[in-house]
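Colleague: Would you mind keeping the following structure in view while I ask a few things?
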Amino acid sequence: MADPGFDLRGGVDFVKGGGDPLVKISTSSSNIVHNPTLGHCCTFGCMIEDRVCGTNLYMPVKINHINSVCRSCYAQLRQIGRIRKYLTIDASKQLVTSLVISRLDYCNALLYGVPQILINKLQIVQNTAARIISRTSRYDHITPVPKELHWLPVQYRIQFKILTHTYKALNGKSPEYMEEMLCVYKPRRNLRSLNKALTLVVPMSKTVTFGDRRFEYAAPKLWNDLPSGVRDSSSLCSFKRALKTHYFKQAYEKYFYRE
């Protein structure tokens, strides 16, 4: 039986806790170990084992996790590169998406707010995958290639994951502990802006390194920055579609202006 300190009802990418817990997290609930002083923790089914505090992995774990992802992705890309000349573009794209991009997206919400130098490592992996699919030379500019493949950059993929969980929580499609992390803004008097899209309360944060990366802070901040048309989406599918279009235009804005 799982420890009462864990809530195993959802496969989410976030941890909520206090103190200085030593946590071991894996896909099996029988392998979960945590410090008894931990106030509350939610497992998210990933195989990262080390210190976890709030939604933050300590720096050595972040680096080890990212390096591990890069190694596994490059191993797959080398294998795909050997047979690329025998594949069509659609087949190679499907192969890269299932074997490489899925690894980049796995538990990537934990990497929100990490130093850009770490995100760049994952972005280079994605760029390499795009070069293999399009058979683009290493000396050619890479940015137009992911645009043609309709791929969001890694940084936007992380925000996309967080906002997807946010939309689910606001619409009753997430576990209760996720919903409790969000607070809807309700003005004390009637305002003309009351009929606009849903707005969330952004809590106070004491530290940039850890506090700003908590789901309670990151989710409302990212949500409130979205256009009202995206936040007002009637279904999860329409929200994802509108959100990707919004981020896609932001990521490749200068290329849209050229065309």
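Values in this text are rule-based calculations from the coordinates and carry no lab data. Owing to the predicted nature of the structure, the values given are computational and were not obtained by experimental measurement. Ideal geometry is used to build each Cβ from the backbone, glycine not excepted, and the neighbour counts take in all protein chains shown.
Colleague: Which order do the peptides 163-169, 120-126, 141-147 take when ranked by the mean count of other beta-carbon atoms within 10 Å per residue, highest first?
Modeller: Averaged packing, sorted descending, gives the order 163-169, 120-126, 141-147.
Colleague: For each of 204, 178, count neighbouring Cβ atoms within 10 Å of the residue's Cβ, then give the residues from fewest to most.
Modeller: Ascending number of Cβ neighbours within 10 Å: 204, 178.
Colleague: Let me ask you something else. Can you compute the modelled spin-label distance between residue 102 and residue 124, with each label point 7 Å from Cα toward Cβ, in nm?
Modeller: 2.6 nm
Colleague: Ok, one more. Once the Cβ-Cβ distance between residue 179 and residue 224 is put in as r, and R0 is 22 Å, what FRET efficiency do you end up with, to the nearest 0.05?
Modeller: Efficiency for this residue pair is about 0.80.
Colleague: Subtract the Cα-Cα distance of residue 171 and residue 245 from 0.36 nm times their separation in residues, and report this length gain in nm to one decimal.
Modeller: On the way: separation 74, 0.36 × 74 = 26.64 nm, distance 2.12 nm.
Separation in residues times 0.36 nm, less the Cα-Cα distance, equals 24.5 nm.
Colleague: Greater than 23 Å separation of Cα atoms is the criterion. Which listed pairs, 85/244; 147/244; 186/244; 161/186, meet it?
Modeller: As for pairs spanning more than 23 Å Cα to Cα, those are 85/244; 186/244; 161/186.
Colleague: Over 26 Å between C-alpha atoms is what I'm after, so list which of 121/249; 121/168; 168/221; 206/240; 93/173 land there. Intermediate values should be presented prior to the final figure.
Modeller: Working: 121/249 23 Å; 121/168 30 Å; 168/221 16 Å; 206/240 31 Å; 93/173 31 Å.
Long pairs (Cα-Cα over 26 Å): 121/168; 206/240; 93/173.
Colleague: First measure r as the distance between the Cβ atoms of residue 139 and residue 82, then evaluate 1/(1 + (r/R0)^6) with R0 = 22 Å and state the FRET efficiency to the nearest 0.05.
Modeller: On the way: r = 21 Å, r/R0 = 0.97.
Efficiency at R0 = 22 Å is approximately 0.55.
Colleague: Quick one: what does P(r) look like for the stretch 208-251 with 5 Å bins over all Cα pairs, in whole %?
Modeller: Spelled out per bin, shortest first, that is 5, 21, 23, 22, 16, 10, 3.
Colleague: Applying the Karplus parametrisation 6.51 cos²θ - 1.76 cosθ + 1.60 with θ = phi - 60° to the phi angles of the stretch 237-245, what ³J(HN,Hα) value in whole Hz is obtained for each residue in order, glycine and proline being reported as x?
Modeller: Karplus values, whole Hz, x for Gly and Pro: 5, 5, 5, 4, 5, 5, 5, 5, 4.
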